[in-house]
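Here is the structure we will look at.
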Amino acid sequence: MIKYKLICKDCETIFDSWFSSSHDYEKLKKKNFLSCHICNSLNIDKTLMSPSVVMKKGNSKTSNQIQKYKETKKVMLKYQEFIKKNFDFVGTNFAYEARSVHYKNKKTSKGIYGTATKKDIKELKEEGIETEKIPWIKDNTN
């Protein structure tokens, strides 16, 4: 088994995926079986990967980095929970819904959040519609 760090060239999402071999990765890529889990784009490539290095226990620098990572992840998950409770999820229809709110003065009791391509975000900005990119992480703790 081999683990690759992949990047979606459309929405710039970086994610990991496991393959039986490098040959299997190439075969799946050629058949367009690799897609982004955020925007469903097939424009996926491998990105730079670093080798897995085993560190000695008790390395305070590594411990501090892990602690900072955990604290940052905890804060991001709190923001995500706030967004989920206070905004309406519109999924991949974000650009359409944002235009509806902006042009039709569609009043909603809540703001909206969802996914959009880099192109959609650029077009919304050109139209004077303000958006913000927020990193979204999965809480996969058991």
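Quick note: the coordinates plus some simple rules give every number you see, no bench work behind them. All of these numbers come straight from a predicted model, not from anything done at the bench. Here the Cβ positions follow ideal geometry from the backbone for every residue, glycine too, while neighbour counts run over all protein chains shown.
Numerical summary
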{"item": "For segment 2-46: rounded, prolate or oblate by the Cα gyration tensor [a/c cutoff 1.5]", "result": "oblate"}
{"item": "Gaussian network model of the chain, springs between alpha carbon atoms under 10 Å - residue of Lys30, Lys85, Lys46 with greatest fluctuation", "result": "Lys30"}
{"item": "Residues in segment 70-114 that a label on His37 would reach, taking backbone N under 17 Å of a point 7 Å out along Cα→Cβ", "result": "77, 92"}
{"item": "For the chain: relative contact order, % (alpha-carbon pairs under 8 angstrom, 6 or more apart)", "result": "20 percent"}
{"item": "Nitroxide proxy distance, nm - points 7 Å out along Cα→Cβ at Lys138 and Phe89", "result": "1.3 nm"}
{"item": "Helix-derived mean residue ellipticity, 222 nm - over the chain, DSSP H n ≥ 4, -39500 (n - 2.57), to 500", "result": "-12500 deg cm²/dmol"}
{"item": "Principal axis dimensions, largest first and in whole angstrom, of segment 60-126 by Cα", "result": "55, 27, 16"}
{"item": "Over 32 Å between alpha carbons, listed pairs Lys31/Lys125; Lys70/Lys110; Lys85/Lys118; Lys31/Lys110; Lys31/Lys70", "result": "Lys31/Lys125; Lys31/Lys110; Lys31/Lys70"}
{"item": "Charge tally in the Cβ shell below 13 Å around Lys133, where Lys, Arg are +1 and Asp, Glu are -1, Lys133 excluded", "result": "-1"}
